[in-house]
Amino acid sequence: MDLSIATTKLQALRKDMTGHTDRDDERRILDLLRGATGEELNFLLSNVDLVRLLSDLDDRLVGPDHHTELLDLLCTHRAPELSLPVRASLTTALQKGATHAQAERRLRDLFLGLKGRELTAFKNLLDAGGEYHDLPHLVFDDVDDPALRAELLAHFQREAEAVPSGENKVLSDIDDTFFANWVDKRYPSKTVYPGVLAFYEELDRGPGIIPGRSGDLTFVSARPQDPLGLIENATLESLRERGVPLAVMLSGSFFHLLGNTRIAQKKFENFEQYSRLFPEYGFVFVGDSGQGDVEFGARMRATQPQAVRAVFIHDVVATPEAKRDEWRAQHVYFFDTYVGAAVEAFHAGVVSRDGVDRIATAAVESLAAITFPTPAQRQTREAELARDLARARALPRAGSV
């Protein structure tokens, strides 16, 4: 691609998009995009406001249907030439505001044009947008036509059966799982638990020698979603501030906000939807014992035992050891520290032995940096971690007898 020519075309495109666009401006925009090479088209679409571009071109009661022509051009005729990031940006632009029937059909076309690993990569790009306009919101909220939604989900399922990913999506609660924020008083409020970020990373990495794709972490929260996504966006920003750069979130609802059974029910509904979006993946879940997560995790395992590889429960209510053993038999593992969680995850086959060591190192460093209100509280947490560190050191290594 000749960058100087592409830049000149970009300047012309931006000029025609400035201010009110009449039908002559719209025609020049269409002609410019039609005449662009594949590389130039990706360059142009990467450097303009796609929401603005889609809104600038209109269909008229009397006159040309330039908006429809633009959608035909980008979503059908030239779609095979679009890079996955540009295709994802176009999808998100179609998703913004009211998603009319024509936009829903074009969204469908952008998905159906992809197969196998390319489709998986595209779905992951949409899911990691960093705000509430994500893949679940698109498929289950923005697409209103049940037939179109069914067509999308059937396509996802067919491609998953043809090309399974071999990896796990990591699902996690937030409060009292990622940081102390509800029942757990053992740590100062809002403390990110020592080793939790490393635990997520190792679950995402997987147990194999070759790391899996990074970025497969999704938070399943009881926090309600409002129509504008303000609560979800604020929570995602809070997670980013605490070390989670690419977070996806499945929110709860105001109706399901009170009562552990209601919370578990909403989380399960979200999981069912999410598993239909990513049927090529397995799943692991990290939650806590304070707010419906045990019930949720057990139901996940019961309904999809092949897909849900393990459930890890951060124990904040001092569950008796005998009860923990009963749950362990169902692949629901209780733990006190994230080193203890790593030991259970190694036995469950979802993290590597070296991964356990990395989690242990991160947990020791993080605990040392926490300011506790009393020396006794620190000593109790250090003793708890030391016990689980001894368990981690006792784990066998590859090739050991």
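The values are calculated or read from the model by the stated rules, or taken from the named source; none is laboratory data. A quick note: this is a predicted structure, and the numbers were derived from the prediction, not measured. Cβ atoms come from the backbone with ideal geometry, glycine included; neighbour counts cover every protein chain shown.
Of all the numbered requirements in (1) in a helix (DSSP H, G or I); (2) closer than 25 Å to Lys96 by Cα, Lys9 misses one, and that requirement is (2).
In segment 313-344, which residue that is part of a strand (DSSP E or B) and among the aliphatic types (A, V, I, L, M) is nearest to Thr303 (Cα to Cα)? Once the filter is applied, the top-ranked residue is Val332.
Evaluate the following for His67: is it within 25 Å of Asp141 (Cβ to Cβ), within 36 Å of the chain's Cα centre (by Cα), surrounded by 15 or more Cβ atoms within 10 Å (Cβ to Cβ) and not acidic (Asp, Glu)? Answer is yes for this residue. Modelled with pLDDT under 80 and closer than 23 Å to Ala369 by Cβ, is that true of Glu237? For Glu237, the condition - modelled with pLDDT under 80 and closer than 23 Å to Ala369 by Cβ - is met.
Scan segment 175-197 and give yes if some residue there is closer than 24 Å to Leu277 by Cα and not in a loop (DSSP other than H, G, I, E, B), otherwise no. No, every residue in segment 175-197 fails to be closer than 24 Å to Leu277 by Cα and not in a loop (DSSP other than H, G, I, E, B).
Need a quick list: helices (runs of 4 or more DSSP H) entirely within segment 17-134 having at least 3 residues that are among the polar types (S, T, N, Q). Reasoning before the result, please.
Working: elements: 23-35, 38-46, 50-56, 66-72, 84-95, 101-112, 116-127.
Filter on segment 17-134 gives 84-95.
Residues in segment 284-306 that are modelled with pLDDT under 95 and under 18 Å from Gly206 (Cβ atoms): Gln306 only.
Filter segment 204-234 for residues that are in contact with a strand residue (DSSP E or B) (Cβ under 8 Å, 6 or more places away or on another chain) and within 30 Å of Ala398 (Cα to Cα); which is modelled with the lowest pLDDT? Here the answer is Gly212.
Filter segment 138-148 down to the residues that are farther than 9 Å from Leu277 by Cβ and either in contact with a helix residue (DSSP H, G or I) (Cβ under 6 Å, 6 or more places away or on another chain) or surrounded by 21 or more Cβ atoms within 10 Å (Cβ to Cβ) (or both) and list them by number.
The initial filter retains those residues of segment 138-148 that are farther than 9 Å from Leu277 by Cβ, namely 138, 141-148.
Selection gives Leu138, Asp142, Val143, Asp145, Leu148.
Out of Gly287, Gly349, Gly282, Gly340, one residue alone is surrounded by fewer than 21 Cβ atoms within 10 Å (Cβ to Cβ), under 24 Å from Ala362 (Cα atoms) and touching a residue at least 24 places away in the same chain (Cβ under 8 Å). It is Gly349.
Restricting the search to segment 155-174, which residues are crowded, with 18+ Cβ neighbours inside 10 Å and either of a type outside the set (Val, Ile, Thr) or closer than 28 Å to Ala103 by Cα (or both)?
Step one: filter segment 155-174 for residues crowded, with 18+ Cβ neighbours inside 10 Å, giving 156, 159-160, 165, 167-174.
Phe156, Glu159, Ala160, Ser165, Glu167, Asn168, Lys169, Leu171, Ser172, Asp173, listed by residue number.
Quick check, is Ala180 at pLDDT 95 or above and not hydroxyl-bearing (Ser, Thr, Tyr)? Answer is no for this residue.
Here are some residues: Leu119, Leu126, Leu152. Which one is surrounded by 15 or more Cβ atoms within 10 Å (Cβ to Cβ), assigned by TED's automatic domain parsing to the domain that holds Val86, touching an Asp or Glu at 6+ places or on another chain (Cβ under 9 Å) and modelled with pLDDT of 95 or more?
Working: Leu126 fails: modelled with pLDDT of 95 or more; Leu152 fails: touching an Asp or Glu at 6+ places or on another chain (Cβ under 9 Å).
Exactly one residue qualifies, and that residue is Leu119.
Do we have Asp325 as among the acidic types (Asp, Glu), more than 28 Å from Glu280 (Cβ to Cβ), surrounded by fewer than 22 Cβ atoms within 10 Å (Cβ to Cβ) and without any contact (Cβ under 8 Å) to a residue 24 or more places away in the chain here? Steps first, answer last, please.
On the way: among the acidic types (Asp, Glu): yes; more than 28 Å from Glu280 (Cβ to Cβ): yes; surrounded by fewer than 22 Cβ atoms within 10 Å (Cβ to Cβ): yes; without any contact (Cβ under 8 Å) to a residue 24 or more places away in the chain: yes.
Here the answer is yes, as Asp325 does meet what is asked.
Apart from one condition, His347 fits all of (1) part of a helix (DSSP H, G or I); (2) under 23 Å from Arg186 (Cα atoms); the exception is (2). Could you please find all residues in segment 350-396 being more than 32 Å from the chain's Cα centre (by Cα) and outside any helix (DSSP H, G or I)? Across segment 350-396, the qualifying residues are Phe372, Pro373, Thr374, Ala394, Pro396.
Before we move on, is Phe179 assigned by TED's automatic domain parsing to the domain that holds Asp293 and within 20 Å of the chain's Cα centre (by Cα)?
Working: assigned by TED's automatic domain parsing to the domain that holds Asp293: yes; within 20 Å of the chain's Cα centre (by Cα): yes.
Judged against the criteria, Phe179 is a match.
Of all the numbered requirements in (1) closer than 29 Å to Lys123 by Cα; (2) surrounded by 15 or more Cβ atoms within 10 Å (Cβ to Cβ); (3) among the charged types (D, E, K, R), Arg52 misses one, and that requirement is (2).
Residues of segment 148-176 that are within 16 Å of Val286 (Cβ to Cβ) and of a type in the set (Lys, Arg): Lys169 alone.
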